[in-house]
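The values are calculated or read from the model by the stated rules, or taken from the named source; none is laboratory data. Note that this is a predicted model, so its numbers are computed, not measured. Every residue, glycine as well, gets a Cβ built from its backbone with ideal geometry; the counts of neighbours run over all protein chains shown.
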Amino acid sequence: MIEKIFVIGGGQMGSQIAALSAIAGYETSIFDSDVENLKNKIKFSDQNIKNLVSKHKFSEEQYDSFQKNLKIVENIEEPLNETTFLIEAVVEKYEVKNEIFKNISKKLDKSVVIASNSSFLPASELSIDCDYPERFINMHFFYPPLRMDLIEISYPSNFSKEILERTVKVSKNMGRTVVVLKKETPGFIVNRMLSALIDEAYQLYDEGIADFEDIDIAIKKGLNHPLGPFELSDYSGLDIYYYSKLKQFNETQKEKDRPKTFIEEKVKKGELGVKTGKGFYDYKND
Ligand SMILES: NC(=O)c1ccc[n+]([C@@H]2O[C@H](COP(=O)([O-])OP(=O)(O)OC[C@H]3O[C@@H](n4cnc5c(N)ncnc54)[C@H](O)[C@@H]3O)[C@@H](O)[C@H]2O)c1
């Protein structure tokens, strides 16, 4: 079976996931509620792929495949009849994702794979009140998806084996290394481990022990990490950390899970990191 892929959410992740899918030869549609932003993101992916072709990471044929197979749609309903494999990559807010899934799961055929790229929300939670929850799965890419060679896959306990096999196949056809978890956990493997590092970095900064620039330098030079925790936060988007922490705090009511005030202030000011031109660092001139 050759999947027909529909990506919902075309921000920094979804736009490149759709590009990767088109490069792999899948007919791919993409929708975002902000069409202008989506078009800009696809232009950015186009530049990125050309650059990667010049470095022999992709071939000319793969660039042609990207151009031939990717289609922007302005109505979320348009591709539903044809879709066999859906990948959701909208903002990391539970209510937004669950609302989309509740509406769309009624309209998609029951054989369609419904995958979420959420960083922290497991499929069993995202599929609450949805039709056929056994076809939901987490397919977690890394930023930037055109360059990062890993997809973490996890699935609810009531999963369908066929859905897992199809998700692994699509991930491998996208040229990615796949890790399948044995149990669901918010954050999967990488973000659970990364959260521990980032929480501690934020705590050091909050206690006034060091400037964030110096914490980044210490981690890069002392642990040989390519990026410091504050640079990484800017690349991922501060909103992703904020909303996932807020959800965790609302559930546990533990002070250690409360998002830091300095993050909340930045999110409220729209200083979300690289994607808005400012986060901890300034990117306006980049
Ligand atoms: N940024 C990362 O490093 C990273 C890595 C892995 C996974 N993720 C996950 O990917 C998802 C998207 O993150 P991102 O970094 O691309 O964020 P982003 O802010 O760049 O993009 C989110 C997109 O969702 C769109 N959107 C919001 N509500 C919508 C709706 N109702 N219908 C359609 N589109 C809607 C927005 O217009 C925006 O373009 C999140 O779940 C995040 O946790 C992010």
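Which of the residues spanning the range 158-177 are more than 14 Å from the ligand (Cβ to nearest atom) and in contact with an Asp or Glu (Cβ under 8 Å, 6 or more places away or on another chain)?
Asn158, Phe159, Ser160, Ile163, Arg166, Val170, Gly175, Thr177
Rundown of residues vs (1) within 16 Å of the ligand (Cβ to nearest atom); (2) on the phi > 0 side of the Ramachandran plot; (3) surrounded by 15 or more Cβ atoms within 10 Å (Cβ to Cβ); (4) not in a helix (DSSP H, G or I), yes/no style:
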position: Val7; (1), (2), (3), (4): yes, no, yes, yes
position: Gly10; (1), (2), (3), (4): yes, no, yes, yes
position: Ala19; (1), (2), (3), (4): yes, no, yes, no
position: Gly25; (1), (2), (3), (4): no, yes, yes, yes
position: Glu36; (1), (2), (3), (4): yes, no, no, no
position: Lys41; (1), (2), (3), (4): yes, no, yes, no
position: Asn51; (1), (2), (3), (4): no, no, no, no
position: Gln62; (1), (2), (3), (4): no, no, yes, no
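Failed condition for Leu70, given (1) buried (at least 21 other Cβ atoms within 10 Å of the Cβ); (2) hydrophobic (A, V, I, L, M, F, W, C); (3) farther than 22 Å from Thr167 by Cβ, with all others met?
Every condition holds for Leu70 apart from (3).
Is it true that Tyr94 is aromatic (Phe, Trp, Tyr), in contact (Cβ under 8 Å) with a residue 12 or more places away in the chain and more than 13 Å from the ligand (Cβ to nearest atom)?
no
State which residue is farthest from the ligand (Cβ to nearest atom) when the search covers only the range 229-256 and only residues that are at negative phi and more than 22 Å from the chain's Cα centre (by Cα).
Checking each candidate, the answer is Glu255.
Please work out which residue is farthest from Leu197 (Cα to Cα), limiting yourself to the range 228-266 and to residues that are touching a Phe, Trp or Tyr at 6+ places or on another chain (Cβ under 7 Å) and surrounded by fewer than 18 Cβ atoms within 10 Å (Cβ to Cβ).
In this case the residue turns out to be Glu264.
For the subset of the range 187-206 comprising residues that are out of contact with any strand residue (DSSP E or B) (no Cβ under 9 Å at 6 or more places or on another chain), of a type in the set (A, V, I, L, M, F, W, C) and touching a residue at least 24 places away in the same chain (Cβ under 8 Å), which member is surrounded by the most Cβ atoms within 10 Å (Cβ to Cβ)?
The extreme case among them is Ala201.
Test of understanding: among Ala196, Ala218, which residue is at pLDDT below 95 and more than 16 Å from the ligand (Cβ to nearest atom)?
Ala196
Which condition from (1) assigned to a helix (DSSP H, G or I); (2) more than 20 Å from Ser119 (Cβ to Cβ) is the one that Asn250 breaks?
Unmet condition: (2).
Give just the number: which of (1) surrounded by fewer than 17 Cβ atoms within 10 Å (Cβ to Cβ); (2) within 20 Å of Glu207 (Cα to Cα); (3) among the charged types (D, E, K, R) does Lys269 not satisfy?
With respect to (1) surrounded by fewer than 17 Cβ atoms within 10 Å (Cβ to Cβ); (2) within 20 Å of Glu207 (Cα to Cα); (3) among the charged types (D, E, K, R), Lys269 is out only on (2).
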